[in-house]
1. Mind checking which helices (runs of 4 or more DSSP H) fall wholly inside the range A:1-117 and carry at least 1 residues that are without any contact (Cβ under 8 Å) to a residue 60 or more places away in the chain and of a type in the set (Lys, Arg)?
2. Of all residues in the range B:131-147, count the ones that are of a type outside the set (D, E, K, R), surrounded by 14 or more Cβ atoms within 10 Å (Cβ to Cβ) and more than 18 Å from A:ALA123 (Cβ to Cβ).
3. Residues of the range A:38-65 being crowded, with 17+ Cβ neighbours inside 10 Å and of a type in the set (Ser, Thr, Tyr), which ones?
4. How many residues does the range A:235-252 hold that are touching a Leu at 6+ places or on another chain (Cβ under 9 Å) and buried (at least 19 other Cβ atoms within 10 Å of the Cβ)?
5. Give the residue that is surrounded by the fewest Cβ atoms within 10 Å (Cβ to Cβ), with candidates limited to residues of the range B:101-128 that are in contact with a strand residue (DSSP E or B) (Cβ under 8 Å, 6 or more places away or on another chain) and facing chain A (nearest Cβ under 8 Å).
6. Consider A:THR118 against the criteria (1) surrounded by fewer than 20 Cβ atoms within 10 Å (Cβ to Cβ); (2) closer than 30 Å to B:ALA171 by Cα; (3) touching a Ser or Thr at 6+ places or on another chain (Cβ under 6 Å): it satisfies all of them except one. Which criterion is unmet?
7. In this structure, is A:VAL151 farther than 13 Å from A:GLY55 by Cβ and open to solvent by less than 10 Å² (accessible area, probe 1.4 Å)?
8. If you go through the range A:202-231, how many residues are open to solvent by 50 Å² or more (accessible area, probe 1.4 Å) and either closer than 15 Å to A:SER14 by Cα or outside any helix (DSSP H, G or I) (or both)?
Amino acid sequence: MIFTLKNTFTEIGSATLFAKQFFKEVFIPPYEAKEFLKQCYVIGYKSLPLVAITGFIMGLVLTLQSRPTLVKFGAESWLPGMVALSLIREIAPVITALICAGKISSGIGAELGSMKVTEQIDAMEVSAINPYNYLVVTRILACTIMVPILVIFADAIGIIGGYVGINIHGDVNFYRYLTQILQSLEFLDLIPATIKTFFFGFFIGMIGCFKGFNASNGTESVGKAANSAVVTASLTIFILDMVAVQITDLFF
Amino acid sequence: MIKEKENTEPKKTKEKSKTPIIQIKDLHKTFGVDNEVLKGVNLTVNQGEDLVILGRSGSGKSVTIKCIVGLIVPDKGEIKVFDEDVLNLTKPELNEIRVRIGFLFQSGALYDSMSVRENLAFTLKKHKRELTAEEVENEVIEALDNVGLSDAIDKMPSELSGGMQKRIGLARTLILKPEIILYDEPTTGLDTITSREISELILDIKHKRKTTSIIITHDMACAKLTADRIMVLKDGVIHAEGTYEELEKDEDEWVRSFFE
């Protein structure tokens with residue numbers, strides 16, 4: 001028990017130093033723009049189908065599940081606003097971040113873990129190329145920027161899913177549906193929800209890189225790095241969300 | 001042929017008048033709590049010399065050369081490369097030294113997300129930003145020609161055989177025109193013919209580029225072909241030193257066993 005606790009705190013300490021190095025190196029040239037754009041493509045563009053499908057299903061299911069209760073209270077007209085608010089403030093950011101943790105964090109963990117085990121990271125180091133700058137900074141930065149974009153995309157697709165859900169039982173035109181959503185949304189609903197997605201993105205990238213970069217030798221450790229990246233990133237997302245909701249509650 | 005006791009400097013069989021390029025003194029490295037791999041390694045490599053290090057698996061051969069390039073930080077000792085104290089250099093200073101040292105990894109360590117062309121161009125572009133795309137391409141082709149693999153330029157590492165991967169790894173090492181090359185088991189896992197080809201390539205590079213090398217190997221054919229001098233590592237110290245012919249007739253049965 002004490003040994004596990006010690007390991008956990010050691011890991012948190014190492015991860016903090018790893019993250020600190022990111023803030024140190026992100027501003028120092030050379031800037032790996034090409035690799036950064038490549039990572040944006042891999043992390044962002046290639047995740048679009050997955051995020052679109054889950055976003056649509058989230059909106060549709062949320063509408064279908066909420067409708068009977070609202071109908072019971074005669075508040076069916078609140079459905080579009082309620083669905084949009086739930087999606088934008090909580091469900092889309094968390095679910096999308098969890099999907100990204102599964103897809104991106106594990107992918108980065110496995111990729112860097114495999115590079116570590118096959119000495120590719122060492123090869124960069126001995127060629128006087130900074131592997132942290134080339135591999136880690138680009139990936140963390142790409143995650144920090146692309147995850148919020150994916151969340152906004154999931155919000156939009158989720159709202160379309162909600163529209164489909166409403167029209168299964170009724171006949172609401174899209175303009176009216178959208179008007180109701182916009183009337184119930186405030187600008188302040190978007191700000192905290194968007195800010196927290198940057199943190200989600202940062203931690204998804206950072207944890208994936210940390211686990212991969214610190215994989216010990218042996219192919220088994222690649223699987224462990226990928227698995228550990230998903231578990232840690234998912235848990236971190238929930239913790240961050242809890243903190244974000246508390247802060248939002250205090251200020252908004 | 002000379003042998004030594006633990007932690008003592010081995011006597012030299014042939015005193016070379018050349019300039020020492022790599023000097024290691026009393027190198028110690030322990031992994032974990034009590035896994036002491038290096039217990040006081042002392043060695044000197046002179047300019048233009050090919051030094052082969054022999055030893056059983058786990059005897060610390062790879063650790064020694066990884067300490068030279070700063071991949072592993074030793075617990076104690078002194079490493080001088082080009083007269084610079086590697087262990088007391090800042091990161092940028094160490095990188096300046098690293099550019100002058102090529103390192104061939106046991107596995108080749110090719111970047112598997114990049115094609116052969118990208119693998120070679122990557123290193124070059126990072127260090128010679130002034131080169132045009134055409135100049136980079138020419139350098140890549142020349143480096144591949146040197147290892148006889150210009151046809152593989154568009155292949156991915158996964159499409160290459162073990163021997164080809166090592167040759168491409170060597171081409172990538174050579175593209176920066178290093179003055180020192182450290183070979184970590186260059187022929188391990190290869191068939192006899194390919195091993196000989198790699199060994200001949202090492203010899204060819206030495207003659208053409210006047211490089212200084214340390215070659216870690218278990219392959220005695222490779223050692224015989226490439227070594228100017230051989231050091232045998234045992235229990236974390238240099239146990240014996242001499243030319244191939246000298247060590248082959250050594251009075252120590254353990255040393256002779258490498259040559260049988």
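The values are calculated or read from the model by the stated rules, or taken from the named source; none is laboratory data. All figures in this text were calculated on a predicted structure; none of them were measured in a lab. Glycine also receives a Cβ, built like all others from the backbone with ideal geometry; neighbour counts cover every protein chain displayed. In case anyone asks, the SASA skips ligands and DNA or RNA and just uses the protein heavy atoms, side chains included. Shrake-Rupley method; radii C 1.70, N 1.55, O 1.52, S 1.80 Å.
1. Output list reads A:2-25, A:33-43, A:48-72.
2. 4
3. Correct list: A:SER47, A:THR54, A:THR63.
4. Residues flagged as touching a Leu at 6+ places or on another chain (Cβ under 9 Å) and buried (at least 19 other Cβ atoms within 10 Å of the Cβ) within the range A:235-252 amount to 1.
5. Here is the first cut: in the range B:101-128, the ones in contact with a strand residue (DSSP E or B) (Cβ under 8 Å, 6 or more places away or on another chain) are B:101-106.
Still in the running and facing chain A (nearest Cβ under 8 Å): B:101, B:103, B:105-106.
Numbers: B:ILE101: 28, B:PHE103: 26, B:PHE105: 24, B:GLN106: 17.
Going through the qualifying residues, I end up with B:GLN106.
6. Tallying (1) surrounded by fewer than 20 Cβ atoms within 10 Å (Cβ to Cβ); (2) closer than 30 Å to B:ALA171 by Cα; (3) touching a Ser or Thr at 6+ places or on another chain (Cβ under 6 Å), A:THR118 fails exactly one: (1).
7. no
8. Adding up the residues that qualify gives 5.
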